[in-house]
Amino acid sequence: MDALRLLSRSTGLKTKNPKTLPQNLPSASGHGPTEEVSDSLASRKRKRDPDVIGDVTGNENGVQPLSEAEVRQVQKKYRIKIVDLNRFRNSSESSESRKLQKEQSRLYPQPLTSFDQLRHRNVNKSLLRNISTQAYLEPTEVQVGAIPLLFDDSDEANEPNLLTIAPTGSGKTLAFLMPVIEKISRSHRQGDQRSERHVSAIVLAPTKELVFQIVNEGRKLCLNTGVNITAMRKGMRLHEGHAPMDKEEAESGDDVGEDEELDTVPEDSTIVKSDILVSTPLSLVHALDPSWKEDESSHVQSLPNIETLIFDEADVLLDPLFRAQTLAVWSACNSPSLRISMWSATIGSNIEELAVQTISERQKVLKIRRSQRPPLLRTIIGLKDTSLPTISHRLTYVATESGKLLGMRQLLHPSRPTPAKDGKEASPAPLRPPFLVFTQTIDRAQSLHNELRYDIPAPAGGSSRIAVLHSSLPDKVRSKIMQDFRLGKIWILITTDLLSRGVDFRGVNVVVNYDIPNTVASYVHRAGRTGRAGREGGVCVSFYTKEDIQYVKGIANVIAASEKAQIHSDSTAGALNGNSTAVSNAPKAQEIQPWLLHALPSVSKSARKDLKQHGVQSRRAVRADDDEKTKRLKRKARIGTQSGYEKREVNRKRGAIEHSQRTKEEPHAETKADEWEGFG
Ligand code: ADP
Ligand code: MG
């Protein structure tokens, strides 16, 4: 299959000026198409070209596809790069430089610059209605670039395998859900109305929280489309011969997660009655084979009906921690027409290599002839592995562990801001909740929670405003905390990397790295819990101690790159306005000065690997076989100065005081309590 065929596929571009993108989308930060491109989009008239492959319905709206030069301009402005990986990887290394090879492998398929373009195609009308009901007015960059690649209504063989790297909060979920919903709906429309429904698409995500979130987003998109989506729950089976679909469950549109559990056996059913199944890899592997073991010879029952496999946060799923489970699911999907797509803000070259190799090996195992293999594409939005330019970063040196606690308390109880006076700069405005605070381990998250639990005064809600969430808690508790944080009942949520990936709390104002992250990718993802969907004003604060200095350079580089991108986007916005001073957002103060980057030491490869696997040494859990020196080091790094017993006693007394204060005061004190009213 030739990837070039994709080039001629039309999305039926409409005359809508893409500059109408809402200002708060990532696409709006100075990256919309130029007037020139918009004008040429606007002036297009219908011209049918019978030779255009895949242009079955694309011209029905009376416009012809963009020329390659125009697509290039659109891609440049939306910062989209699409590469044919088969061509890129097969080209000879010797004669051409890699840059030239890359350039020659670039593809310029028609973009989707407006959801309206789909109205004139044979797309499920309910799906389009559901998109507009959610107030998704215009596609974000990743949706502009990736949706048309997967939205093939002419020749299913053309659908590519796809790797997509796009920033945090840029709308990847919609970019992978929309095409798969349409694909399934199309197969229903084309008469594939089997009396018994089966799962034909699987979405894998690394955490239960993310699984529920994807199902919730999916249910809103699936409403009345005839397609349904569900989360994998323990006890479910994926056998042939499924029971008829439970319409109520499929189309209820109710949120899941907040009151459902992945590990609960549904009372009435053990068979998946859905088209799209969302799961963590382990839940799915165990559903296929409860005795599955993590060794190479371990195979699970095959899933020949799966046509679409989607990896959200693909780099985590293919990381050694999840790799065996993920590959077990992948191998079980043995349909020759399987298409796989992978999505993340960070896919390193080693993970990309693994993905490409596995795709090729699977094709060999399934005996798919070269000529019949689908295109293999990679889409990158913006710069690879960088943080969003809309987020501000603060890298704060606190010397010691106790310095962190002081720093944290200062964030919670900021002093009144002072205006600029006598040549002194104004103090920065205090940061407002909600805060999402990351620690290295579950124990540390727990200790920090114990330490800060009574820091919020009772009239403002007291200890109910601060919570801790980690994987050792029961599913029900996890769901409740997620729900309360979304509703704004919890203002400060302390957690581990469990929540660093994918979860979309729209209004998080501040991310605090109480402990520095173990990898640069983790920094990008943690910071990306703020600044979702192009929102401005998010701040990521990172504390670092003397011991962390050796690991900070990578983070500082990410911040410096993000600041550079912000300056660039501001100047682009200025240039587009025709006035470089008329930029609405004044550039933020630069956090990373060049001298700091020079001064920070580079970390060795082995130290980096050790950090990735175990975290900073002094913050790891104390082990029985630790020597005295290590034990001392770890004890010193403990959060707070009191022992667990003393702390519990103090907290018990403070809890009693808080309770009596709250009952003496108004019973509804917390509704009065101040500013923040939640994400809703
Ligand atoms: P990612 O997976 O890229 O981190 P998500 O898919 O979680 O991002 O989307 C982030 C936020 O953007 C969500 O709240 C989602 O509802 C919103 N969003 C997605 N697409 C659009 C769009 N086209 N217009 C406006 N908001 C969008
Ligand atoms: Mg996501």
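Residues of segment 433-458 falling in the label zone of His413, defined by backbone nitrogen less than 13 Å from a point 7 Å along Cα to beta-carbon, are 452-458. In segment 156-213, the alpha-carbon atoms span a convex hull of 118 Å³ per residue.
With a Förster radius of 30 Å applied to the C-beta separation of Gln661 and Lys489, the computed FRET efficiency comes to 0.95. Considering all C-alpha pairs of segment 278-354, those separated by over 21 Å amount to 25%.
How far apart, in nm, are two points set 7 Å out from the Cα along the Cα-to-Cβ line at Thr400 and at Lys220? Going from the Thr400 label point to the Lys220 one covers 4.8 nm. How many percent of the alpha carbon pairs in segment 439-533 exceed a separation of 17 Å? Result: 51 percent of Cα pairs exceed 17 Å.
Once the Cβ-Cβ distance of Lys476 and Gln357 is raised to the sixth power relative to R0 = 41 Å, the FRET efficiency obtained is 0.50. Rounded to the nearest 10 square angstrom, Thr225 shows an accessible area of 10 square angstrom against a 1.4 Å probe.
Going by average Cβ neighbours within 10 Å, how do the peptides 480-487, 356-363, 228-235 rank, with the highest at the top?
228-235, 480-487, 356-363
What does the highest-first list of 422-430, 444-452 look like by mean Cβ count within 10 Å? Each step should come with its number before you reach the end.
Numbers: 422-430: 9.3, 444-452: 21.4.
Ranking, from highest mean packing down: 444-452, 422-430.
Under 5 Å from the amide H of Arg237 lie the amide H atoms of Ile271, Val272, each residue being 5 or more positions distant or on a separate chain, with H modelled from the backbone and absent for Pro and chain starts. Annotation: peptides 558-564, 545-551, ranked by per-residue average of other Cβ atoms within 10 Å with the highest first, follow the order 558-564, 545-551. Of the cross-linked pairs Lys208/Lys631; Lys293/Lys634; Lys234/Lys480; Lys364/Lys612; Lys172/Lys208; Lys609/Lys634, those separated by over 24 Å at the C-alpha level are Lys208/Lys631; Lys293/Lys634; Lys364/Lys612.
A simple rule links phi to the HN-Hα coupling: the Karplus curve 6.51 cos²θ - 1.76 cosθ + 1.60 with θ = phi - 60°, which for segment 411-421 gives 5, 6, 10, x, 6, 4, x, 9, x, 4, 7 Hz, with x for Gly and Pro. Using every pair of separate Cα atoms, the Kirkwood estimate puts the hydrodynamic radius of segment 365-450 at 18.5 angstrom.
Can you tell me, using C-alpha contacts under 8 Å and at least 6 residues apart, the relative contact order of segment 98-190 as a whole percent? List each step's numbers first, then the result.
Working: 63 pairs, mean separation 29.1, N = 93.
Taking the mean separation of contacting Cα pairs over the length of segment 98-190, I get 31 percent.
Annotation: amide H of Met342 within the under-5 Å range of Leu162, Leu163, Thr164, Phe311, sequence separation 5 or more or interchain, hydrogens built in the peptide plane.
The values are calculated or read from the model by the stated rules, or taken from the named source; none is laboratory data. Here the structure is a predicted model, which is why all the values come from computation and not from measurement. Here the Cβ is made from the backbone with ideal geometry for all residues, glycine too, and neighbour counts use every protein chain on show. Quick note on the areas: whole protein, heavy atoms, side chains included, nothing else; ligands and nucleic acids left out. Shrake-Rupley method; radii C 1.70, N 1.55, O 1.52, S 1.80 Å.
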